[in-house]
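Participant: Dropping the structure in here first, questions after.
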Amino acid sequence: MRVKKHIHTDFLVIGGGVGGMQAAIEAAALGLKVVVAEKADTRRSGCAGCGNDHFACYIPEYHGTNFEFVLREIAGTLESDQWQDLSLRRVWMGKSFEIVQKWEAWGINMRPNGQWCFEGHTYPGQKKYYLKIKGDNIKAALTKKALESGVQIMNKVVMTDLLKSSRGEICGALGLDISGEMPEALVFETPAVLIATGLISRMYPGVNPGFFFNTSCCPAATGGGHAMAYRAGARLINMEIPAPYVGPKYFQRGGRGSWIGLVSDIHGASVGPYMEKPSREYGDILVDVWPEIFRDKYQDGSGPVYMNCTCTEEKDLKYMLEGFPSEGLDSVVDYLQQYNVDLKKQMIEFFSYNNDLNARGIEILEDASTNVPGLFATGNVVGNTRGSSTAAAVFGMVSAQSAADYIRQLSQTGDGYAEEYVQERLALFDRILKRGGDGARWNEANGTLQSIMKDYAGYDVRSESILRAGQHYLELLWERSVAELGAANAHELCRVLEVLEMMEVARTVFITSINRRESRGLFVRKDYPEQNPRLDNRYQTIENRDGRIVLDFRERR
């Protein structure tokens, strides 16, 4: 395989989700030449591809001017995740209203009720921070604005590698155009790259393991950004910490914030102390406070746990079902109608799905930069912040300005990328293609990877002996996969590369899990059941420093 085309741009955005598209629009407005490389199609890609109906934000006219109080109070909501830096939360909350105003101007309905309406993920009596929006068109609207701004969008392009100069600065990226029957190699020459590739959705078994793409979030998000950044020397953070997703058990689409009901036991009694009756205004915050409740109740025998809407008022049920499509829950509505499920009579069992590695990944600073010069990141690929669509959009906006500033201060151009590295990667792709349909299948490797991760790096049992056994099996799977996987066309090559990048990231999960010798929150080590106070407010990082693995625990910012 040879490089088909060289593409020159000021700013390359890898991933066309919310964060990537926001960054592209902002960078174009700053006068940069921008290219967005998206594996799927920006009109429907990413975790917000099916929609979003809640947007965490601070609007002064609603919340008041005491921003410090706002920061303290939102810490008790869904965004209470202890694995995000407070300095980053300050940035995305502080700039969130800018995004609200821009999105409204771009055709996203931020006030479907005609006014600012905040609902859910909040204690009764507390100010609310989750703006109810009609976000089923987020991706289409952002794509339209990007095209109007002069952004070049390249769909069906799989990015595989970051390229660096001899000085260690980003100078380009390698990708594959998979729009045709056979892939074509592309080299992007650029001084600045944004990774916005989202979470990792197929490393662990999904809600129905027989269907790889039956996932709660985007199934095309498979850790490509994590893997290429790690290979390029970017620091990853919090990789060992589980981040489960909650929703109807065995159902393809998760989410709980849109439901108006009580988290209840099998008898219909509320499990938590916060709500006495269903509330459209507040929802049931119990799951935000106790995210492991479903697994805990199952393991101690007091489960299952249900979403109970039997006492929800008819007008609120109607409101809830009408709002589901904005969160991408159309299939839930279809199912309820198709099978005549009456939520006034039947409770829906909820459970925490297996780890999507959501908000676990690349470490960034407040300006969205990484430790690699010229490399930026935003969205669920970032490992030290949360904020969902809000943080993705805000740090996308921030990264555009940071990239523009970075490019302006470059005193000289680098010496270009190492051609040998590009040829080495292309040779690997060629070997996979030459095996064609006679090689091992990508789905065999993907299924085996999921089994290894569930059994040896899952939620229920972790210990050094179990983790090391799993790490050994992962290395064997990697060797066999590189030697035997085949692809008959561009589509299959894409699937093979997804599995390989998931294995690369899985390796960091095993290494960091072995190195965290304690139990903390959802991370439980049977051989180290106690919490180590010396690691309070400390995050573990892993870095590939010229082939040498460097681990560290650093203070929460």
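The values are calculated or read from the model by the stated rules, or taken from the named source; none is laboratory data. On a predicted model such as this, the values are computed, not experimentally measured, just so you know. Counting neighbours? That spans all protein chains shown, and the Cβs are built from the backbone with ideal geometry, glycine included. Side chains included, ligands, DNA and RNA excluded: accessible areas come from the protein's heavy atoms. Shrake-Rupley method; radii C 1.70, N 1.55, O 1.52, S 1.80 Å.
Participant: Given the peptides 380-393, 278-291, arrange them by the average over their residues of other C-beta atoms within 10 Å, most packed first.
Facilitator: Ranking the peptides 380-393, 278-291 by packing returns 380-393, 278-291.
Participant: Same structure again: Under a cut-off of 16 Å between alpha-carbon atoms, report the lysines in cross-link reach of Lys318, not counting same-chain residues fewer than 8 places apart.
Facilitator: Lys132, Lys134, Lys344, Lys345
Participant: Taking every DSSP beta bridge with both residues inside the chain, roughly what % is antiparallel (nearest 5)?
Facilitator: About 65 percent, rounded to the nearest 5.
Participant: Only residues of region 154-181 count here: report those whose backbone N is under 16 Å from the spot 7 Å along Cα→Cβ of Asp546, or say none.
Facilitator: Within reach of a label on Asp546, which here means backbone N under 16 Å from a point 7 Å along Cα→Cβ, region 154-181 contributes 164-169.
Participant: According to a simple spin-label model (label point 7 Å from Cα along Cα-to-Cβ), what is the distance in nm between Asp41 and Arg556?
Facilitator: 4.2
Participant: Taking 0.36 nm per residue of separation and subtracting the Cα-Cα distance, what length does fully extending Arg538 through Thr65 add?
Facilitator: 167.2 nm
Participant: How much length is gained if the chain between His267 and Leu336 is pulled fully straight, taking 0.36 nm per residue apart and subtracting their Cα-Cα distance, in nm to one decimal?
Facilitator: Between His267 and Leu336, full extension yields an extra 22.7 nm.
Participant: Here is a further query. With r as the distance between the Cβ atoms of Glu276 and Arg231 and R0 = 56 Å, compute the FRET efficiency 1/(1 + (r/R0)^6) and round to 0.05. The partial results should precede the final answer.
Facilitator: Working: r = 53 Å, r/R0 = 0.94.
With a Förster radius of 56 Å, E is 0.60.
Participant: Roughly speaking, what is the stretch gain from Ala105 to Lys315, that is 0.36 nm per residue apart minus the C-alpha to C-alpha distance, in nm to one decimal? Kindly include the intermediate steps, with their values, before the conclusion.
Facilitator: On the way: separation 210, 0.36 × 210 = 75.60 nm, distance 3.04 nm.
Additional length available on full extension: 72.6 nm.
Participant: In terms of Cα to Cα distance under 30 Å, which lysines are near enough to Lys526, apart from those fewer than 8 places away along the same chain?
Facilitator: Those lysines meeting the cut-off are Lys249, Lys297, Lys454.
Participant: Would you be so kind as to identify which of Ala28, Gly135, Cys311 lies farthest towards the positive end of the dipole of the chain, taking Lys and Arg as +1 and Asp and Glu as -1 on Cβ and the Cα centre as origin?
Facilitator: Ala28
Participant: Next question. Keeping the other protein chains in place, figure out the carbon and sulfur percent of the accessible area of region 468-528, with a 1.4 Å probe.
Facilitator: Of all accessible area on region 468-528, carbon and sulfur atoms account for 52 percent.
Participant: About the Cα centre of region 255-414, what is the dipole size in debye to 20, counting +1 per Lys and Arg Cβ and -1 per Asp and Glu Cβ, all else neutral?
Facilitator: The dipole of region 255-414 has a size of about 140 debye.
Participant: I need the calculated FRET efficiency for the pair Asp438 and His491, taking r as the beta carbon distance and R₀ as 25 Å, to the nearest 0.05.
Facilitator: 0.90
Participant: Rounded to the nearest 0.05, what FRET efficiency is calculated for Ser465 and Asn214 with R0 set to 30 Å and r the Cβ-Cβ distance? It would help to have the intermediate numbers written out before the result.
Facilitator: On the way: r = 33 Å, r/R0 = 1.09.
Plugging the Cβ-Cβ distance into 1/(1 + (r/R0)^6) gives 0.35.
Participant: Within region 121-147, which residues have the backbone N less than 20 Å from the label spot 7 Å out from Glu322 along Cα→beta-carbon, could you tell me?
Facilitator: Under 20 Å, as judged by backbone N against the label point of Glu322, lie 131-138 of region 121-147.
Participant: Another question, if that's okay. Cross-link partners among lysines for Lys139, C-alpha distance below 23 Å, same-chain residues fewer than 8 apart left out?
Facilitator: Of all the lysines, those that pass the test against Lys139 - Cα under 23 Å, at least 8 places apart if same chain - are Lys33, Lys39, Lys95, Lys102, Lys156.
Participant: Let me ask another. What helices does the chain hold that run 18 Å or longer along their axis, going by alpha-carbon atoms, with a Kyte-Doolittle average of 0.0 or more, using DSSP H for the helix calls?
Facilitator: Qualifying helices, which must be both long enough and hydrophobic enough, are 388-409, 490-515.
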